[in-house]
Amino acid sequence: MSLGPYASFIVTSYLAAALVVAVLTAWIAIDYLNQKRRLRELEDSGVVRRCGRRATEP
């Protein structure tokens, strides 16, 4: 596969896009874990959800 004279630009662009996607995925995963922890802390302190279920129940 020949990318021509712009091979370095093309490869760098794909790597940058992959890095952005990886960072966003990690950010979402970390935020999800933080939200679960905060919800668990609220439930442990006595705050309940309107539906009456715990966050871990489906």
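Odds and ends about this structure:
- Placing +1 on each Lys and Arg Cβ and -1 on each Asp and Glu Cβ, with no other charges, gives the chain a dipole about its Cα centre of roughly 300 debye.
- Computed from Cα atoms, the angle from the helix 7-44 axis to the main principal axis of the chain rounds to 0 degrees.
- Across the options Ala29, Ser13, Leu42, the greatest Cα extent toward the positive end of the charge dipole of the chain (unit charges at beta carbon of Lys, Arg, Asp, Glu) belongs to Leu42.
- Among (i) 19, 26, 12, 12, 14, 11, 5; (ii) 25, 41, 23, 9, 2; (iii) 19, 26, 18, 15, 12, 9, 1, the entry derived from the coordinates for P(r) over Cα pairs in 10 Å bins from 0, in percent: (iii)
No value in this document is a laboratory result; all are computed from the given coordinates. The structure presented is a predicted model; accordingly, all values stated were derived computationally and were not measured. Quick reminder, even Gly has a Cβ in these numbers, built from the backbone with ideal geometry, and neighbours come from all protein chains shown.
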